[in-house]
Amino acid sequence: MKIGFLGYGEAARAFHEGLARPGLSFVAYDVLLASDGTAMREAMRMRGAGICETIAGLADADWVFSAVTADQSLLAVEPLLPHLRQGQVVIDINSVSPGRKRETAAAIEAAGGEYLDMAVMAPVHPRKHQTPVLLAGGPAERLLPELFRLGFSGEIAGTVPGAATAIKMVRSLFVKGLEAITAEALLAAKASGCYDEILSSLSGSFPGLNWPQFAEYQMERTTRHGRRRAAEMRESAATLEALGLRGGLAAEIAEVQERLGACGVGQASGLEEIVGRVLELRLKAHRAEQAG
């Protein structure tokens, strides 16, 4: 069996590492091969993926995992359509709205392929491809036993594409929103000179969250992955709007995540240092915006 990856970022690499075993071979294509060729090629080589110089190289894969940035999920698949074989399975693990997944499914099925909506419901590390997933789409029931044999941990959310990602999009409104509100509250506390008081108050009111470790984790996730989370939250906003609800909250969470991700502070020793460094970068960016 040959497995392909359309996009070879963190999620695809984690899935590949977890799936690697005798009897499976892997190929990968990423648009960054053209602009960031050395680093991307090295990432593929070290994991044993055959390097596809063009997207046509994915044509002989039995399954193709689509793992690109959320805003590119449909656009990334379009060049693959002329190369799809009859019955070839495209597994869309992108964090996008149900509407986007239905559009993608329609395009793939019209080209003769099969489409599986897969929603990854937790960070891909440390469990890699064994991270819990939800499945939806026509081939979900047929493919589930094979996914189990490969070590996936999944269940079927529905037969219609979009049913799995709908659960993730609504859940993400809370999860990514909690990250954003935690970070913004601590930044505001630091800026207003009441950091210790706010941290003590939150720790006392919500002891089950295990402060300050909880806040450190939230800050680390947002500063490391904020830009990707922002793209996901814009899809969450589209999901809410399509339901006749207000997507404004998700859109604002996306803005906060975007700004936190732009800081990219990396490792720091302790929560207060992280908050201080992020605040400094945020205020610097704000002054630059005001001056511009």
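What follows is calculated from the coordinates using simple rules that are stated; it is not laboratory data. Remember, predicted model here, so these are calculated numbers, not experimental data. All Cβ positions, even for glycine, are placed from backbone atoms using ideal geometry, and neighbour counts span all protein chains on display.
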Using a Förster radius of 30 Å, what is the FRET efficiency between Ala191 and Arg246 based on their Cβ-Cβ separation? Nearest 0.05, please. 0.60
So how tilted is helix 195-205 from the main axis of the chain? Cα-based, degrees 0 to 90, rounded to 10. 70 degrees
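As an exercise, use a Förster radius of 30 Å and the Cβ-Cβ distance of Ala56 and Ala288 to find the FRET efficiency, rounded to the nearest 0.05.
0.10
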Run the simple label-point estimate for Ile156 and Gln86 please: 7 Å along Cα→C-beta, distance reported in nm. 2.5 nm
I want to verify a result. In a Gaussian network model of the chain, Cα cutoff 10 Å, which of these has the top mean-square fluctuation: Thr69, Thr239, Thr54? Thr54
Please give the contour-minus-distance gain from Ala20 to Met1: 0.36 nm per residue of separation, less the Cα-Cα distance, rounded to one decimal in nm. 5.7 nm
Just how many % of Cα pairs in the chain lie over 37 Å apart, if you round to the nearest whole percent? 19 percent
Sorted by mean Cβ packing within 10 Å, highest first, what order do the peptides 240-250, 104-114 take? 104-114, 240-250
Estimated [θ] at 222 nm from DSSP helical runs (n ≥ 4, -39500 (n - 2.57)) normalised by residues in the chain, nearest 500: -18000 deg cm²/dmol
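Taking the Cβ of each residue in Tyr217, Tyr8 as the centre, tally the other Cβ atoms inside 10 Å and list the residues starting with the fewest.
Ascending number of Cβ neighbours within 10 Å: Tyr217, Tyr8.
Could you order peptides 93-103, 169-179 by the average number of other Cβ atoms within 10 Å of their residues, highest first?
93-103, 169-179
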Any idea what angle helix 248-263 forms with the longest principal axis of the chain, computed on alpha-carbon atoms, 0 to 90 degrees, nearest 10? 80 degrees
Folded to 0 to 90 degrees: helix 271-291 orientation relative to the chain principal axis, Cα: 90 degrees
